[in-house]
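The values are calculated or read from the model by the stated rules, or taken from the named source; none is laboratory data. All of these numbers come straight from a predicted model, not from anything done at the bench. Virtual Cβ from ideal backbone geometry, glycine too; neighbours counted across all protein chains shown.
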């Protein structure tokens, strides 16, 4: 898909359950619809060059094998369950200067999640029904911590925030 320069929108269920292992998206992608890449075997995802991508829809990359994600600087919203049930250990949102909202359960069921770098004042929704989920614990802690930007680490079954050095936000 990286060579299809006319592709701007990836439709609902377009590549769901296709056994995709590698994915390279072209620069002009504007929309990744619900369930577009759900239930594949994608491990690495680099969206950093998708400069027109503002929103990642519900379940877009749910149930993959994702370990590493690079987000576009221009992303504004990550929708519900967008990256649900993967193998993500580390999230870095520091380059996401326009990120305003991460919706409910966007990164739930990522049991290996242990580090998050995030800017301040991003609206994070959390789900009271999944209080033992590592992502929901983070969302609640971040909100309770006055949406403070920082380097968050999950240790001994709880989140802790450490200041970011030399970051202007």
Quiz item: Got a sec? Which of 65, 53 is closer than 26 Å to residue 118 by Cβ, in contact with a strand residue (DSSP E or B) (Cβ under 9 Å, 6 or more places away or on another chain) and either touching a residue at least 12 places away in the same chain (Cβ under 8 Å) or assigned to a loop (DSSP other than H, G, I, E, B) (or both)?
Solution: 53
Quiz item: How many residues are surrounded by fewer than 23 Cβ atoms within 10 Å (Cβ to Cβ) and in a loop (DSSP other than H, G, I, E, B) if we restrict to segment 88-98?
Solution: 7
Self-check item: Residue selected from segment 122-144 under the condition within 18 Å of the chain's Cα centre (by Cα) and assigned to a loop (DSSP other than H, G, I, E, B), by the criterion nearest to residue 103 (Cα to Cα)
Solution: 125
Quiz item: Would it be correct to say that residue 85 is out of contact with any strand residue (DSSP E or B) (no Cβ under 7 Å at 6 or more places or on another chain), assigned to a loop (DSSP other than H, G, I, E, B), more than 19 Å from residue 66 (Cβ to Cβ) and in contact (Cβ under 8 Å) with a residue 12 or more places away in the chain?
Solution: no
Quiz prompt | Residue among 147, 117 that is in a strand (DSSP E or B) and surrounded by fewer than 21 Cβ atoms within 10 Å (Cβ to Cβ) | solution = 117
Practice problem: Would you check if residue 106 is buried (at least 17 other Cβ atoms within 10 Å of the Cβ), touching a helix residue (DSSP H, G or I) at 6+ places or on another chain (Cβ under 9 Å), assigned to a loop (DSSP other than H, G, I, E, B) and in contact (Cβ under 8 Å) with a residue 24 or more places away in the chain? | Solution: yes
Exercise. Hey, can you tell me all the residues within segment 5-53 that are surrounded by 14 or more Cβ atoms within 10 Å (Cβ to Cβ), modelled with pLDDT under 95 and over 19 Å from residue 71 (Cβ atoms)?
Key: 7
Quiz item: Right, residue 6: part of a loop (DSSP other than H, G, I, E, B) and within 24 Å of residue 102 (Cβ to Cβ) or not?
Solution: no
